[in-house]
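As structure tokens, the structure follows; a few thoughts come after it.
The values are calculated or read from the model by the stated rules, or taken from the named source; none is laboratory data. Being a predicted model, the structure only gives us computed values, none of them experimental. A quick note on method: Cβ atoms are made from the backbone with ideal geometry, for glycine too, and the neighbour counts reach across all protein chains shown. Accessible surface areas use protein heavy atoms only, side chains included; no ligands, DNA or RNA. Shrake-Rupley method; radii C 1.70, N 1.55, O 1.52, S 1.80 Å.
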Amino acid sequence: MANNNSQNLLPTILVIFGATGDLMRRKLAASLFGLHEKGLLPKLFHVVGFSKQALTTEGFREMVRDMIGAKERAQKEKVEQFVTYFFYQQGLFEQLEGYRKVANILGMRDNEWRVCSNKLFYIAASPQFYKTIFVNLDKSRLTEPCSPEEGWTRVLVEKPFGKDLKTAQDLDRLLGKLFQEEQIYRIDHYLGKETVQNILAFRFSNSFLQDSWNKEGIKSIHIELFEKEGIKKRGGFYDGIGALRDVGQNHILQLLALFTMENPGTFDAKAIRKKRAEVLQALKIYRPREIAKMTMRGQYKGYTKEKDVDPKSRTETYFLMKAYLGVPRWEGIPISMGSGKAMAEDRVEVRIRFRHPTPCLCPLRAEKHYRNVLHYRIQPNEGIDIMFWAKKPGPEMILEEKSFSFDYKKAFGEDSFADAYEKLLVSAFQGDQTLFVSTEEIVASWKFIDPILRAWQKNIVPLKRYKSNSAEIIKVPLPIDE
Ligand code: BG6
């Protein structure tokens, strides 16, 4: 991973398409401020916000103050210094005129700074505009670096990347015409989470798991991404997407890749992306008959009454499925993946169940042996628990389940956790693509997801309704497990 400091970079301009939108409000503004506070932004830095809203630069700065909660912050000076980075250009994504005006602003800044600065284009707009924005970036020649010797141009693209395999490939082809792969940063913010980045360190920097991290040592893998919240006010976005596209095709499959990929040999972006892609390419693609047994979907009661949701919507807010990998290390090992909105609790966790030894001196439960389980807690309560057996003190040989526990925040301090978006932005400034998704990974993940979405559209798998904030739905097994 690159570790050169962003401060040493050439002057950099970040252009945000969709700068008044949800992502900017929820994540980007605060993450940029976090980097500013930590001194991690390039020394000379500007942000140009682009959106259709009629605003002046001063109006935009006021909006940014509001987004970062400036009123509640003690460091007024830091806030005021921060907002001076921001400039605004009103425009429609469909009209070239706005892009030309952005090009003018960038040119003026470069003249003023007497340098060909780095340009980073962040596509934080609604996915329906991606194509239009890419085309207009090209037409306005914003994608061309101003000099062959200095200053790069890069593009950051938010998820969802496409709606299915075809749209993802179309989008990628177009992007590939305008930019080299080294310039394209496809976001999956889960890759920027500390606990997710730690997966490779945990697996490959420790020797004690090496010999058992395979089908001989492991019986099953379970990945869960549960959220207590419903869809909040995101009905307009979510209803056309559903849980599988929203978090399954990306966050959950990335977790699967990190837990099952081969050793990349180095913490290098190319090697890591290649190994992640290889394991995603090995996912067994299901036929409709298998989909009926291996997947299920649900919708929380009350979902159809949410704002901007079709009252007759059959969009899933929950799914569960079992996947298999066609690679020697994992042949025949079930990997269950589940996610839901309006669940009983917030829990993002991966559980690895180990096989028991034979003969086993471990206790029986309902004719089955207990096993060692590794709980890898992504969030909240970030950490790792390993369940094991210990002899209870006393005259008899009674075994009790105990755990080795590692609490991430206790170990390193609450404040040491940087927001995922801060890390993604720094990586993009520094040109490190480790935390970004490659074309191969995008294609492989859609190849697996596409047939399932199609089968669900044909109602091959019934949509089960479940009570919000209860554990009802997670108790329902897959048809294959019944
Ligand atoms: C986003 C999804 O990508 O990830 C949201 O669109 C989901 O629906 C979110 O809530 C979960 O991310 P985090 O970081 O809150 O776990």
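Whether any residue in the stretch 428-439 is touching a Leu at 6+ places or on another chain (Cβ under 8 Å), assigned to a loop (DSSP other than H, G, I, E, B) and within 16 Å of the ligand (Cβ to nearest atom) is what I want to check. Yes, because at least one residue in the stretch 428-439 is touching a Leu at 6+ places or on another chain (Cβ under 8 Å), assigned to a loop (DSSP other than H, G, I, E, B) and within 16 Å of the ligand (Cβ to nearest atom). Filtered by the rule that a residue be among the basic types (Lys, Arg) and either closer than 17 Å to Lys447 by Cα or out of contact with any strand residue (DSSP E or B) (no Cβ under 9 Å at 6 or more places or on another chain) (or both), the stretch 256-279 gives Lys270, Lys274, Lys275, Arg276. Candidates are the residues of the stretch 164-202 that are within 14 Å of the ligand (Cβ to nearest atom) and part of a loop (DSSP other than H, G, I, E, B); the one that is farthest from the chain's Cα centre (by Cα) is Lys193.
Does Gly151 fit the bill of being within 16 Å of the ligand (Cβ to nearest atom), crowded, with 16+ Cβ neighbours inside 10 Å and in a loop (DSSP other than H, G, I, E, B)? The answer is no for Gly151. For the stretch 235-248, the set of residues classified as more than 10 Å from the ligand (Cβ to nearest atom), part of a helix (DSSP H, G or I) and open to solvent by 10 Å² or more (accessible area, probe 1.4 Å) consists of Gly236 only.
Do we have any residue at all in the stretch 217-228 that's assigned to a loop (DSSP other than H, G, I, E, B), closer than 30 Å to Ile352 by Cβ, within 22 Å of the chain's Cα centre (by Cα) and within 13 Å of the ligand (Cβ to nearest atom)? Checking the stretch 217-228: at least one residue is assigned to a loop (DSSP other than H, G, I, E, B), closer than 30 Å to Ile352 by Cβ, within 22 Å of the chain's Cα centre (by Cα) and within 13 Å of the ligand (Cβ to nearest atom). Residues of the stretch 272-312 that are within 16 Å of Gly332 (Cα to Cα), touching a helix residue (DSSP H, G or I) at 6+ places or on another chain (Cβ under 7 Å) and open to solvent by less than 40 Å² (accessible area, probe 1.4 Å): Val279, Leu280, Leu283, Tyr286, Met294.
One residue is enough: does the stretch 365-388 have a residue meeting the conditions open to solvent by 70 Å² or more (accessible area, probe 1.4 Å), part of a strand (DSSP E or B) and farther than 22 Å from Arg203 by Cα?
Taking the stretch 365-388 first, the residues open to solvent by 70 Å² or more (accessible area, probe 1.4 Å) are 365-368, 381.
When the remaining residues are screened for being part of a strand (DSSP E or B), the result is 365, 368.
Add one more test, that the residue is farther than 22 Å from Arg203 by Cα, and what stays is 365, 368.
Within the stretch 365-388, one or more residues are open to solvent by 70 Å² or more (accessible area, probe 1.4 Å), part of a strand (DSSP E or B) and farther than 22 Å from Arg203 by Cα.
Among the residues of the stretch 315-353, those identified as assigned to a loop (DSSP other than H, G, I, E, B) and of a type in the set (Gly, Ala, Ser) are Gly326, Gly332, Ala342, Ala344.
For beta carbons closer than 7 Å, sequence separation of 6+ or different chains, a first residue in the stretch 229-241 that is of a type in the set (A, V, I, L, M, F, W, C) and a second that is away from the ligand (no atom under 12 Å from the Cβ) and in a loop (DSSP other than H, G, I, E, B), the qualifying pairs are Ile231/Glu306. When residues in the stretch 16-47 are screened for being open to solvent by less than 10 Å² (accessible area, probe 1.4 Å) and touching a helix residue (DSSP H, G or I) at 6+ places or on another chain (Cβ under 6 Å), 8 of them pass. Kindly indicate which of Glu396, Glu401 is part of a loop (DSSP other than H, G, I, E, B) and acidic (Asp, Glu). Only one candidate passes the filter, namely Glu396.
Under the condition of being touching a Phe, Trp or Tyr at 6+ places or on another chain (Cβ under 9 Å), open to solvent by 10 Å² or more (accessible area, probe 1.4 Å) and touching a residue at least 40 places away in the same chain (Cβ under 8 Å), the residues counted in the stretch 317-364 number 12. Sub-8 Å Cβ pairs linking a first residue in the stretch 250-273 that is of a type in the set (D, E, K, R) to a second residue that is assigned to a helix (DSSP H, G or I) and open to solvent by less than 20 Å² (accessible area, probe 1.4 Å), at least 6 apart or interchain, are Glu262/Val279; Arg273/Glu441, ordered by first then second residue.
Would you mind stating whether Glu158 is open to solvent by 20 Å² or more (accessible area, probe 1.4 Å) and either within 16 Å of the ligand (Cβ to nearest atom) or closer than 30 Å to Asn111 by Cα (or both)? Working first, answer last.
Values: open to solvent by 20 Å² or more (accessible area, probe 1.4 Å): no; either within 16 Å of the ligand (Cβ to nearest atom) or closer than 30 Å to Asn111 by Cα (or both): yes.
No.
Of all residues in the stretch 98-120, none satisfies being within 16 Å of the ligand (Cβ to nearest atom) and surrounded by 20 or more Cβ atoms within 10 Å (Cβ to Cβ).
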